[in-house]
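Computed from the coordinates by the stated procedures, all read-outs in this text should not be read as laboratory data. Everything quoted here is computed from the prediction, not taken from an experiment. Counting neighbours? That spans all protein chains shown, and the Cβs are built from the backbone with ideal geometry, glycine included.
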Amino acid sequence: MLPRSFYARDTVKVAKGLLGKELVCDGRKGIITETEAYKENDPASHSCRGLTKRNRPMYGRAGHAYVYLCYGMHWMLNVVTESEGTAGAVLIRALDSVNGPGRVTKQLGVDKRFNGHDLTKKPLFVRDGVEPRKITASPRIGIREGLDRDWRFYVPKGTL
């Protein structure tokens with residue numbers, strides 16, 4: 001399992017660093033191939049207007065999960081970053097076996113039960129995987145604000 005110190009860093013660095021790592025939940029697993037970074041004052045982040053009941057995990061200790069329901073039907077898995085009290089999270093957008101953040105959680109069986117879960121402990125955790133040969137950055141998907149930030153990172157096909 002990755003140590004807490006891996007997560008307690010700048011959100012953008014963690015987003016890049018998660019590529020090629022293996023995400024595991026109750027024996028189901030996949031290599032992370034796409035992520036997006038969301039920081040505290042980012043207009044596209046849930047934290048842009050401050051602390052709320054929904055986004056509370058983003059302000060917590062690095063290395064925990066922030067899981068929320070999107071469009072009333074898809075669970076989204078985020079990894080909390082930064083230091084406690086500073087909001088930051090990385091959305092896991094794709095695994096080597098499945099694309100789309102809603103499909104990631106469905107494949108792994110992740111739902112609201114894992115909101116706030118410590119990712120340095122089983123059953124949901126991240127461990128070392130493979131080193132990507134190439135990482136590409138682009139604007140994030142599905143947002144209206146913060147498009148000037150190339151904070152979506154992915155491993156192009158065939159470069160894992």
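Toward the positive end of the charge dipole of the chain, about the Cα centre and with charges on Cβ (Lys, Arg +1; Asp, Glu -1), which of 125, 77, 107 goes farthest?
So the residue furthest toward the plus end is 107.
Starting with the fewest neighbours, write out 118, 148 ranked by other beta-carbon atoms found within 10 Å of each beta-carbon.
Fewest to most other Cβ atoms nearby, the residues stand as 148, 118.
Starting from the Kirkwood Rh over alpha-carbon pairs, what translational D in µm² s⁻¹ does the stretch 1-156 have by Stokes-Einstein at 25 °C and 0.890 mPa s?
For the chosen part, D equals 163 µm²/s.
Treat every Asp and Glu Cβ in the stretch 67-157 as -1 and every Lys and Arg Cβ as +1, leave all other atoms uncharged, and give the resulting dipole magnitude about the Cα centre to the nearest 20 debye.
So the dipole magnitude of the stretch 67-157 works out to roughly 380 debye.
Report the chymotrypsin sites (Phe, Trp or Tyr not before Pro) located in the stretch 54-160 that are in a DSSP loop and have at most 11 other Cβ atoms inside 10 Å of their Cβ, or state none.
Numbers: sites: 59, 66, 68, 71, 75, 114, 125, 151, 153, 154; in loops: 71, 151.
Sites meeting the loop and neighbour criteria: 71.
Using the Cα centre of the stretch 4-154 as the reference point, and only Cβ charges (+1 on K/R, -1 on D/E), how large is the resulting charge dipole? Debye, rounded to the nearest 20. All intermediate terms of the calculation are to be shown ahead of the outcome.
Numbers: 27 positive and 17 negative charges, 65 e Å.
Roughly 320 debye, rounded to the nearest 20.
Add -39500 (n - 2.57) for each DSSP H run of 4 or more in the chain, then divide by its residues: what number comes out at 222 nm, to the nearest 500 deg cm²/dmol? Please list the in-between numbers first.
Numbers: 3 runs with 19 residues, N = 160.
When only DSSP H runs of four or more count, the value is -3000 deg cm²/dmol.
For the residues 45, 138, what sequence is obtained by ranking on other C-beta atoms within 10 Å, fewest first?
138, 45
Please sort 2-12, 79-89 by packing, taking for each peptide the average over its residues of neighbouring beta carbons within 10 angstrom, highest first.
79-89, 2-12
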